[in-house]
Amino acid sequence: QYLASRPDAFPPPMVKRLARLLDSNEPRPLNETMATIEEELGAAAAEIESVAPVPISVASIAQVHAAVLRNGKRVVIKVQHRDVAKIITQDLVQSKDLAATLQWLEPELDLRGLVREMVEMHEAE
């Protein structure tokens, strides 16, 4: 996802191909999505009256559903897929190690700044 959003840092053909992958994800089952919402929100999940069974958008990290709260307000809910945070954290640790190794082997190829940016984006999510 990060690489597909950085045409300034990676070759356009790579970015274009990766961007296509972002749109080719299958939605997670609604029962799994609802379980995740309940786990994440706890008692506050009771404020949700209904969640649209078909997501508005699906990506590799999360999916977005329209929902209605008990007070009638229409909202959207972004639900991160289960275990994604753990997998991304592992990937980022490996990316840091790889960037450091590449910089040591080829000093002109310093990707550590890009990896730091990816870490910051992940932490902000």
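Annotation: Glu39 fulfils all but one of (1) touching a strand residue (DSSP E or B) at 6+ places or on another chain (Cβ under 9 Å); (2) of a type in the set (Asp, Glu); (3) surrounded by fewer than 12 Cβ atoms within 10 Å (Cβ to Cβ); the unmet one is (1).
Given the structure, is Lys86 modelled with pLDDT of 90 or more, closer than 24 Å to His122 by Cβ, basic (Lys, Arg) and under 18 Å from the mean Cα position of the chain (by Cα)? So Lys86 does not fit the description; no.
Of all residues in the range 107-125, those that are within 30 Å of Leu30 (Cβ to Cβ) and either acidic (Asp, Glu) or without any contact (Cβ under 8 Å) to a residue 12 or more places away in the chain (or both) total 3.
Within the range 73-106, the only residue that satisfies the criterion of being in a loop (DSSP other than H, G, I, E, B), touching a residue at least 12 places away in the same chain (Cβ under 8 Å) and either open to solvent by less than 70 Å² (accessible area, probe 1.4 Å) or among the acidic types (Asp, Glu) (or both) is His81.
Which residue is nearest to Leu111 (Cα to Cα), if the candidates are limited to the range 16-34 and must be modelled with pLDDT of 80 or more and surrounded by 11 or more Cβ atoms within 10 Å (Cβ to Cβ)? Going through the qualifying residues, I end up with Lys16.
Within the range 54-72, being in a loop (DSSP other than H, G, I, E, B) and surrounded by 12 or more Cβ atoms within 10 Å (Cβ to Cβ) holds for Pro55, Ile56, Ala59, Ser60, Ile61. Pro7 passes all but one of (1) within 26 Å of Glu120 (Cβ to Cβ); (2) open to solvent by 100 Å² or more (accessible area, probe 1.4 Å); which number fails? Of everything listed in (1) within 26 Å of Glu120 (Cβ to Cβ); (2) open to solvent by 100 Å² or more (accessible area, probe 1.4 Å), Pro7 misses just condition (2). I'm checking my understanding of the structure. Among residues of the range 107-125 that are in a loop (DSSP other than H, G, I, E, B) and under 18 Å from Arg6 (Cα atoms), which one is least open to solvent (accessible area, probe 1.4 Å)? My answer is Leu111.
For the range 44-53, the set of residues classified as of a type outside the set (Gly, Ala, Ser) and either in a strand (DSSP E or B) or modelled with pLDDT under 90 (or both) consists of Ile48, Glu49, Val51, listed by residue number.
The values are calculated or read from the model by the stated rules, or taken from the named source; none is laboratory data. Small disclaimer: the values here were computed from a predicted structure and weren't measured. Heads up, the Cβs are rebuilt from the backbone with ideal geometry, glycines too, and the neighbour counts pull from every protein chain shown. Accessible surface areas use protein heavy atoms only, side chains included; no ligands, DNA or RNA. Shrake-Rupley method; radii C 1.70, N 1.55, O 1.52, S 1.80 Å.
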